[in-house]
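Input: a single structure, listed below in C-alpha cells.
The values are calculated or read from the model by the stated rules, or taken from the named source; none is laboratory data. Model, not experiment: these values are computed from the prediction. Positions of Cβ are generated from backbone atoms using ideal geometry, with glycine treated the same way; all protein chains shown enter the neighbour counts. SASA here: full protein model, heavy atoms, side chains in, ligands and nucleic acids out. Shrake-Rupley method; radii C 1.70, N 1.55, O 1.52, S 1.80 Å.
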Amino acid sequence: MTRIALRLISNKQYMPLPQIILKPGKENSLKRFHPWVFSGAIKGMKGQAHDGDIVEVVDSNGNYLGTGHCADGSIAVRIFSFTPFDGSNAFWKNKLQTAYNLRERLGFINNPNTNIYRLVHAEGDGLPGLIIDIYGTVAVIQAHSSGMYDLRATIAKALVEVYGDKLTAVYDKSSEKINKGTEQTAINQYLFGEGGETVCLEHGSKYNIDWVEGQKTGFFIDQRENRKLLGEYSVGKKVLNTFCYTGGFSISALKHGATLAHSLDSSQKALDLAEENAKLNGFDSSKHATIKADAVEYLKNLKEDYDVIVLDPPAFAKHLSARHKAVQGYIRINEAAIKQIKPGGIIFTFSCSQVVDKKLFHDSIMAASIHAGRKVRILHQLHQPADHPVSIYHPEGEYLKGLVLEIQ
C-alpha cells in the first residue's frame, strides 16, 4: 500500500479445489442460480474440505455447477461463482467494483446528503456470507462465514483499490458472527487505516456512528427510506418510536416537523444514543424525550395521544424453531398499539426476521387487528432499500418487511 500499510492476514490456498458431488437431481436449484447447497443434497466429496475452504460443486456426472465456500451446518456450500474460479485477487476486486458501480448508479457515491449505505449485501451482490457497510470514509466488513472471514485481508485490499482516496479505514467487525457460528476465533480490528469521521449523514440528518461498539455494523441502514416516509407522515404530529436504538425514526420525524417524538427502548445505552443524535441535529429538548420501558407494557397504557407509532423490534426469530414464538410476539405488540392509538392514527410496523415471510407477517398483523377489534387499512407495504438488493433466484434475501397501517 502506498498510504497506509494494510495488515497482512494469511488466506487459504485455493488450488487445486476439492469437489462436492451432488446426488442425482439435486443440481436443479444451482442451475437456476440459487446459491445454497444443502447437506442433504450431497452424495460425496473428491478430496478434502473443511469449514471455510473453497470448493467446486459438480453434479452426479461430474459436470461443473459452481464454486463456493464449504461450511459446517445445513447449508453446506455457499456459491459465489457459477463460472470456474481462477483463484485470483482480481476476482474479488471485480465483485466489489460491480457492487460499487451499482451504488454509484443508485446515487450513493459522492452524495452530499447521504454517506451511509450498504456496499455489499451478501447473496444480493453475489458474495454470500459478506456484508460491507460504508460510513462516510470508513468501510465496515462483517463476515458471516469462515470462508469470507479468511478473505478479509484480500477484501480490504480490494476495497482500497476500488475507493482510492475516498476510503480512510477498513474495519473488520466479524467476531459477533464468526465466534458464534464457527470454530474460529475472530478479533475485531482495523485492517486498513485507524478510523475516520464518526458523524455521518442520512438524507441530511446527522448520526454519530459507533462501528466499534454499536449493534450490527453500527447503524440500521436498511430503514433509510422507511425513516424518510415516516417523516412525511409526522408533520405536526406526535410520534412514539419504540425499539428506538439510535433514534433514527425520531430524528426523521422531528426533521419533518413533528411536534414531539418520544424514543422508547429497554436499553439505557440505546436511549443515550438517541438523545445524543437529537442534540447533534439541534432539536429542542422539549420536542424529544427518551423513555426506558418494555414496549408492550408501555403500549398497553399510553400516556400521550400519539398520532404515529413505530414498531421496529429486533428479530424475534432467527431460526425456524423460534418462528411460532416470534409470530406471537408480533401479534402482542401490534395488538397493543392498534388498541391504544387514536382514531386516524398511523402505525409503522416491521419484521426483520428472515424466517417470517411477508405472508406470515401480514397474517400476524391481521390477527392482531382482529384481536384489537378495530378497522385497519394498509397504506404502504415496505421493504429494504435498493442498496440491499435481493437476487431473484434467492428470495430468502428479502428479510425486511413492513406495513404502514391506518387505524380507524
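Test Ser267 against the criterion of being hydroxyl-bearing (Ser, Thr, Tyr) and either within 22 Å of Asn334 (Cβ to Cβ) or crowded, with 18+ Cβ neighbours inside 10 Å (or both), and give yes or no. Walk me through how you get there before you give the answer.
Values: hydroxyl-bearing (Ser, Thr, Tyr): yes; either within 22 Å of Asn334 (Cβ to Cβ) or crowded, with 18+ Cβ neighbours inside 10 Å (or both): yes.
Taking the combined requirement at face value, the residue satisfies it.
Quick check on my filter: what residues within the range 358-390 are in contact with a helix residue (DSSP H, G or I) (Cβ under 9 Å, 6 or more places away or on another chain), touching a residue at least 40 places away in the same chain (Cβ under 8 Å) and within 30 Å of Leu130 (Cβ to Cβ)?
Within the range 358-390, Phe361, Leu382, Gln384, Pro385, Ala386, Asp387, His388, Pro389, Val390 meet the criteria.
Yes or no: Lys279 surrounded by fewer than 22 Cβ atoms within 10 Å (Cβ to Cβ), basic (Lys, Arg) and closer than 22 Å to Ile346 by Cα?
no
For the range 235-250, check the following and say yes or no: at least one residue is farther than 22 Å from His144 by Cβ, touching a Ser or Thr at 6+ places or on another chain (Cβ under 9 Å), open to solvent by 10 Å² or more (accessible area, probe 1.4 Å) and among the basic types (Lys, Arg).
The answer is yes; a qualifying residue exists.
Scan the range 199-240 for residues that are in contact with a helix residue (DSSP H, G or I) (Cβ under 6 Å, 6 or more places away or on another chain) and among the β-branched types (Val, Ile, Thr) and report the count.
Of the residues in that region, 1 qualify.
Return yes when Glu194 is within 30 Å of Cys70 (Cβ to Cβ) and modelled with pLDDT under 95 and no when it is not.
Values: within 30 Å of Cys70 (Cβ to Cβ): no; modelled with pLDDT under 95: yes.
No: the conditions fail for Glu194.
Using the structure shown, decide if Ser353 is without any contact (Cβ under 8 Å) to a residue 12 or more places away in the chain and of a type in the set (S, T, N, Q).
For Ser353, the condition - without any contact (Cβ under 8 Å) to a residue 12 or more places away in the chain and of a type in the set (S, T, N, Q) - is not met.
Of a type in the set (Gly, Ala, Ser), out of contact with any helix residue (DSSP H, G or I) (no Cβ under 7 Å at 6 or more places or on another chain) and either open to solvent by 20 Å² or more (accessible area, probe 1.4 Å) or closer than 20 Å to Lys206 by Cβ (or both): is that true of Gly107 in this structure?
yes
Got a sec? Which of Thr185, Thr114 is hydroxyl-bearing (Ser, Thr, Tyr) and over 27 Å from Gly87 (Cβ atoms)?
Thr114
Just checking: which of the helices (runs of 4 or more DSSP H) contained wholly in the range 118-217 hold 2 or more residues that are open to solvent by 20 Å² or more (accessible area, probe 1.4 Å), more than 25 Å from Leu271 (Cα to Cα) and not polar (S, T, N, Q)?
Fully inside the range 118-217 and qualifying: 152-163, 175-181.
Just to verify a result, which residue in the range 51-83, among those that are part of a loop (DSSP other than H, G, I, E, B), over 13 Å from Ser146 (Cα atoms) and modelled with pLDDT of 95 or more, is farthest from the chain's Cα centre (by Cα)?
Asn61
Scanning for something more than 22 Å from Asn110 (Cβ to Cβ), of a type outside the set (Val, Ile, Thr) and touching a residue at least 60 places away in the same chain (Cβ under 8 Å), does the range 155-172 turn up at least one residue?
The answer is yes, given that some residue of the range 155-172 is more than 22 Å from Asn110 (Cβ to Cβ), of a type outside the set (Val, Ile, Thr) and touching a residue at least 60 places away in the same chain (Cβ under 8 Å).
Only one of Ala372, Ala322 is of a type in the set (Gly, Ala, Ser), surrounded by 16 or more Cβ atoms within 10 Å (Cβ to Cβ) and closer than 30 Å to Glu123 by Cα; which?
Ala322
Could you tell me whether the range 344-354 includes any residue that is within 24 Å of Tyr245 (Cα to Cα), in contact with a Gly (Cβ under 8 Å, 6 or more places away or on another chain) and of a type in the set (A, V, I, L, M, F, W, C)?
Let us first name the residues in the range 344-354 that are within 24 Å of Tyr245 (Cα to Cα), namely 345-354.
Filter again for in contact with a Gly (Cβ under 8 Å, 6 or more places away or on another chain), leaving 348-351.
Filter once more, so that each one left must be of a type in the set (A, V, I, L, M, F, W, C): 348, 350.
Scanning the range 344-354 turns up at least one residue that is within 24 Å of Tyr245 (Cα to Cα), in contact with a Gly (Cβ under 8 Å, 6 or more places away or on another chain) and of a type in the set (A, V, I, L, M, F, W, C).
Can you pull out every residue in the range 386-402 that is in contact with a Leu (Cβ under 9 Å, 6 or more places away or on another chain) and open to solvent by 10 Å² or more (accessible area, probe 1.4 Å)? Let's see the steps before the verdict.
At the first step, the residues of the range 386-402 found to be in contact with a Leu (Cβ under 9 Å, 6 or more places away or on another chain) are 386-389, 400-402.
Those that are in contact with a Leu (Cβ under 9 Å, 6 or more places away or on another chain) and open to solvent by 10 Å² or more (accessible area, probe 1.4 Å): Ala386, Pro389.
Exactly one of (1) in contact with a Gly (Cβ under 9 Å, 6 or more places away or on another chain); (2) at pLDDT 95 or above; (3) of a type outside the set (Val, Ile, Thr) is unmet by Gly181. Its number?
Result: Gly181 fails condition (2) only.
Tally the residues that are closer than 20 Å to Gly147 by Cα, open to solvent by 40 Å² or more (accessible area, probe 1.4 Å) and either in a strand (DSSP E or B) or at pLDDT 95 or above (or both), restricting the search to the range 4-46.
Result for the range 4-46: 8.
Quick one: which of His256, His262 is open to solvent by 10 Å² or more (accessible area, probe 1.4 Å), in contact (Cβ under 8 Å) with a residue 12 or more places away in the chain, within 25 Å of Thr198 (Cα to Cα) and touching a His at 6+ places or on another chain (Cβ under 8 Å)? Talk me through it step by step, then tell me what you get.
Details: His256 fails: touching a His at 6+ places or on another chain (Cβ under 8 Å).
Criteria check complete, one pass: His262.
Kindly check whether there is at least one residue in the range 224-234 that is at positive phi and open to solvent by 10 Å² or more (accessible area, probe 1.4 Å).
no
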